[in-house]
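The values are calculated or read from the model by the stated rules, or taken from the named source; none is laboratory data. Computed from a predicted model, the values in this text were never measured in an experiment. Every residue, glycine among them, receives a Cβ derived from its backbone with ideal geometry; neighbour counts consider all protein chains shown. All accessible areas refer to the heavy atoms of the entire protein, side chains included, with ligands and DNA or RNA removed. Shrake-Rupley method; radii C 1.70, N 1.55, O 1.52, S 1.80 Å.
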Amino acid sequence: MAASDATPAREPLPQFPREFLWGVSTSAHQIEGAVDERGPSVWDAFTAVPGRVKDGTDAAVACDHYHRYREDVALIRELGVGAYRFSVSWPRVLPGGAGEVSTKGLDFYDRLVDELCAAGVGPVPTLFHWDTPLALADEGGWLRRDTAERFAEYAAVVAARIGDRAKKWITLNEPAEHTLLGHALGQHAPGEQLMFDALPVAHHQLLAHGLAVRALRAAGVTDIGIANSHGPTWPASPSAEDTEAADFYDVLLNRLFADPLILGRYPDGIGELMPGGDIEADLKVIAEPVDWYGINFYQPTKVGAPLPASTEFSGLTLPPELPFSPRELQGHPVTDFGWPVVPESLTELLTGFRDRYGDRLPPLVITENGCSYEGIDDQRRIDYLDGHLRALHRALEEGVDVRGYFVWSLMDNFEWAEGYRQRFGLVHVDYSTLERTPKASYAWLREALRAQRA
């Protein structure tokens, strides 16, 4: 049964600007399923290895969005958001990563975009959300500069098909996580444990972004951004050791991918670690102007000096070789994932970006924000969203130019190495029947958006 429209009484959200963009987000590998109707990706290979995914599952079916997209678009329309951020599966469009294009794969996104437009919902495609075609990965993947070139070609193919209706585009999702978790620590696909030898992956993703911006512009796209993950970094203590470790972590999380895009340079000491070639010429490509800058935000992180043994943090096993050690942030409620809920840290992050980058900072969009909680009567998710939207509004009041907010996620889905153990959706998915059930948070957000339009 559907969640009740009734929610506990609370103060209405403050009024956001009339033109503020509200949306929900998903990604292809996490919801589409239909794995036999596309080329293989690194995640298919990763999940086939026993022990890689905590509940032993894979995304072969997931939410079966590939076959049930009309039902899902109807849920988006009823929610009342203005935009739907989805990702295009690179191996669905180019099964070999390059070369022959799958007309059938493009047809799916054509149908999805048409359905969204008919529902009055703006399509916001993300070109890469971690599902590298396996054929490219087998040739070296993101460790090879050539992959950036192939990505730009793929961007042009997709834009040629849906760019007439999809106006707002995202090149990459969270290249920091794809670098760290997929290539440095090996806890996401492709499962490489390269530690700091993974830095070429960061550079090549950034280069791919810049080349894709050029390809999208050539196809007539005029509204382009990226979705980078960021969060405040707090030292575990005032000691020099903890402060130095926190500063280094902050560079990796908040500046390694933002500085080149916004300022056209790497943070001090990073550029010389990147792969050979003309780095300055690459940075000119990387810093191709974007129309807005996307921020995925979930939590702040307390960081201290390295510990002598491996540590567990946010579901990850961190080796002692790292020059920092994330610590438990006490005194705050946590999600089912164990992530601390600190809404005011979103205000801190946004004002910090404004202060750091000044007039070089493009308009901002929160491209992901959400939480994992069990249950259809998910009052804790309502509390989370309510708190973060108020924190976002405070940033607006302090002069930060934020143009939109996307909830992660529309529906429960395959949560990467966690499998189906973590539920981030506004809509509950029964994975045995694939039945969709809107949660209390869905009803709350629907009413909140109606109040915004009143």
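I'd like the full set of residues that are over 12 Å from Leu206 (Cβ atoms) and open to solvent by 20 Å² or more (accessible area, probe 1.4 Å), limited to the range 266-283.
Residues satisfying the conditions are Asp268, Gly269, Glu272, Leu273, Gly276, Gly277, Asp278, Glu280, Ala281.
Looking at the range 34-113, what helices (runs of 4 or more DSSP H) fall wholly within it and have at least 1 residues that are surrounded by fewer than 16 Cβ atoms within 10 Å (Cβ to Cβ) and among the basic types (Lys, Arg)?
Qualifying helices (runs of 4 or more DSSP H): 65-79.
Examine the range 409-430 for a residue that is within 27 Å of Pro363 (Cα to Cα), of a type outside the set (Asp, Glu), at pLDDT 95 or above and open to solvent by 10 Å² or more (accessible area, probe 1.4 Å), and state whether such a residue exists.
No, the range 409-430 has no match at all.
Check whether at least one residue in the range 141-164 is buried (at least 20 other Cβ atoms within 10 Å of the Cβ) and not in a helix (DSSP H, G or I), and report yes or no.
Taking every residue of the range 141-164 in turn, none turns out to be buried (at least 20 other Cβ atoms within 10 Å of the Cβ) and not in a helix (DSSP H, G or I).
Can you name the number of the only condition in (1) part of a loop (DSSP other than H, G, I, E, B); (2) surrounded by fewer than 17 Cβ atoms within 10 Å (Cβ to Cβ) that Gly370 fails?
Only one criterion is unmet by Gly370, namely (2).
Asp58 is checked against (1) in contact with a helix residue (DSSP H, G or I) (Cβ under 8 Å, 6 or more places away or on another chain); (2) closer than 14 Å to Leu410 by Cβ; (3) not hydroxyl-bearing (Ser, Thr, Tyr) and fails just one. What number does that condition carry?
(2)
Given the conditions (1) open to solvent by 30 Å² or more (accessible area, probe 1.4 Å); (2) touching a residue at least 60 places away in the same chain (Cβ under 8 Å), which single one is not true for Trp339?
(2)
Do you know which of the residues in the range 263-319 that are in contact with a Pro (Cβ under 9 Å, 6 or more places away or on another chain) and among the polar types (S, T, N, Q) is farthest from Trp234 (Cα to Cα)?
Result: Ser310.
I'd like to know if the range 353-366 contains one or more residues that are in contact with a strand residue (DSSP E or B) (Cβ under 9 Å, 6 or more places away or on another chain), surrounded by fewer than 17 Cβ atoms within 10 Å (Cβ to Cβ) and among the β-branched types (Val, Ile, Thr).
Looking for residues that are in contact with a strand residue (DSSP E or B) (Cβ under 9 Å, 6 or more places away or on another chain), surrounded by fewer than 17 Cβ atoms within 10 Å (Cβ to Cβ) and among the β-branched types (Val, Ile, Thr), one finds none in the range 353-366, hence no.
Being assigned to a strand (DSSP E or B) and open to solvent by less than 10 Å² (accessible area, probe 1.4 Å) is the requirement here; does Gly294 meet it?
yes
Go through (1) over 30 Å from Pro190 (Cα atoms); (2) open to solvent by 40 Å² or more (accessible area, probe 1.4 Å); (3) out of contact with any helix residue (DSSP H, G or I) (no Cβ under 8 Å at 6 or more places or on another chain) one by one and return the number of the condition Gly399 breaks.
Exception for Gly399: condition (3).
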